[in-house]
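Novice: If you scroll down you'll find the structure; I have some questions about it.
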Amino acid sequence: MFIKKYFSFFGGISIKRILIINVETQFGGAEKSIVDIFKKISEKEEYEVLFLVENSKMKNILNKENIKFKVISLGKLNKNIVGISKLLYGNLLVFIEILQYKPHIVFSNTDISHMISFLSCFLTNIPFILILRDYRFKKIAKTLLEPFVKNIVCVSEHLKNFYKGGNKYEVIPNGIIVNDIINSQYRLIYRHKYAKNNEIIYGVAARFARWKGLDKLIKAFNLANKNINNFNAKLLIAGSAQESTEQYNYYLELKELIKKLGIEDKVSFIGWIEDPLEFFYNCDVIISSSITKYGGPESFGRTIIEAWSVKKPVITTNCGGPSYIVEDGKTGLKVNEENLIVEMKNAILELYKSKKKRKKIGNEGFRRVSDTYNIDKVIQNYLKLIKYNSL
């Protein structure tokens, strides 16, 4: 095929160009993780990185980090002729970009990115690595994409087991910069604003999607509030409700639930936060309440390692990636989603009653993230893939 021959001479170039495709209208842990990883890789002299992105928040972060990017705007892809047309258009844009940029390897980081990348990589003989981050893509990944990829990265062992991955599958977790010196520089802006009576702060950072289980968390927090007289605690929920109509409607539903339960003084929505680590540093306990239904569960749970990096204990549901990441009673508390509301209430109260336990679990989490999820260790696995697979 002439296109493949066109690309055959690039193997001798000393600087390797890496194309990262992250076309997605929303911004979350998947986007934060891929930026952190390839920012570190781009700092090495022998690598050059270019992102193809859509989300405005991601564009702003890449700008701030001085990372090269180009924009592909597809919008929401519905399951109709318009959505199919957008997919075809996306394939064309990626194909043109590959011809212009001439990458030595391509990574795709979201479901849409996978669908608009694999054919162009096949036609140009560019090694293609797919990063899986959710559970909804199994049939397409196994039947359509798997034959075209060099490797498939799963962000947790649980996700790999779900896909019944073979030799092409690699488990590489998300990574994070771990630096105790940086932690000491964070400001207590959220604590000063929302905890003026020295309340214990339970923090959540999540998009307003039903599978995040925020309604169940609010009900559990209400039960904890009823269980103790003068419950001196606040629940702070960080995240934007403006990314879709569905998310905004869920946000309104949550506000109505809080009003109905009469805990407006106990629960606050604080909006989008640019630096989740500073927010978590202001909190006493971090909660991940994601569930299996409605598109869940978490394939990894980035907020968990973010919490650990600032020495905060976590409470998480025992499903998906967190079930593998968190060691119950040591690096966090796990609650079963079958009895989520009651068990979450119990976990909230357990850490409310013991500052010593909060500190011990937070310190164990810090050791865990330093040993296993330090980004300098994680990128070594990506570098091995790049060196082994790239042209």
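Novice: May I ask you to list the residues in the stretch 352-371 that are over 25 Å from the mean Cα position of the chain (by Cα), in a helix (DSSP H, G or I) and within 20 Å of residue 224 (Cα to Cα)?
Specialist: 352, 355, 356, 357
Novice: Also, quick follow-up: Mind checking which residues of the stretch 301-347 are in a strand (DSSP E or B) and charged (D, E, K, R)?
Specialist: 328, 334
Novice: Same structure again: For the stretch 78-126, which fully contained helices (runs of 4 or more DSSP H) count at least 1 residues that are touching a residue at least 40 places away in the same chain (Cβ under 8 Å), of a type outside the set (A, V, I, L, M, F, W, C) and closer than 12 Å to residue 23 by Cα?
Specialist: By residue number, 81-101, 111-115.
Novice: Related question: Taking the conditions exactly as written (closer than 23 Å to residue 173 by Cα, in a loop (DSSP other than H, G, I, E, B) and either in contact (Cβ under 8 Å) with a residue 24 or more places away in the chain or over 24 Å from the mean Cα position of the chain (by Cα) (or both)), does residue 298 satisfy them or not?
Specialist: yes
Novice: Oh, and also: List the residue pairs whose Cβ atoms are under 8 Å apart, where the first residue sits in the stretch 156-179 and is in a strand (DSSP E or B), the second is aromatic (Phe, Trp, Tyr) and surrounded by fewer than 19 Cβ atoms within 10 Å (Cβ to Cβ), and the two are 6 or more positions apart or on different chains.
Specialist: 169/163
Novice: Which of the following residues is among the small types (Gly, Ala, Ser) and without any contact (Cβ under 8 Å) to a residue 12 or more places away in the chain: 309, 354, 288?
Specialist: Unique residue meeting the criteria: 354.
Novice: Something else now. Say we look at the stretch 239-257 and pick out the residues that are part of a helix (DSSP H, G or I) and within 26 Å of residue 277 (Cβ to Cβ); which of these is farthest from the chain's Cα centre (by Cα)?
Specialist: Result: 254.
Novice: Here's a follow-up. State whether the residues of the stretch 215-224 include one that is in the same structural domain as residue 303 (by the TED database), aliphatic (A, V, I, L, M) and more than 15 Å from residue 315 (Cα to Cα).
Specialist: Yes - at least one qualifying residue is present in the stretch 215-224.
Novice: Suppose we keep only residues that are buried (at least 22 other Cβ atoms within 10 Å of the Cβ) and out of contact with any Lys or Arg (no Cβ under 7 Å at 6 or more places or on another chain) within the stretch 272-289. Which one would you say is farthest from residue 235 (Cα to Cα)?
Specialist: 281
Novice: Taking residue 329 as the residue in question, decide whether it is surrounded by fewer than 17 Cβ atoms within 10 Å (Cβ to Cβ) and on the phi > 0 side of the Ramachandran plot.
Specialist: yes
Novice: Among the residues of the stretch 36-67, what is the count of those that are under 15 Å from residue 113 (Cα atoms), without any contact (Cβ under 8 Å) to a residue 40 or more places away in the chain and either out of contact with any helix residue (DSSP H, G or I) (no Cβ under 6 Å at 6 or more places or on another chain) or not in a helix (DSSP H, G or I) (or both)?
Specialist: Total meeting the criteria: 4.
The values are calculated or read from the model by the stated rules, or taken from the named source; none is laboratory data. Owing to the predicted nature of the structure, the values given are computational and were not obtained by experimental measurement. With ideal geometry, Cβ positions are generated from the backbone for all residues, glycine too; neighbour counts draw on all protein chains shown.
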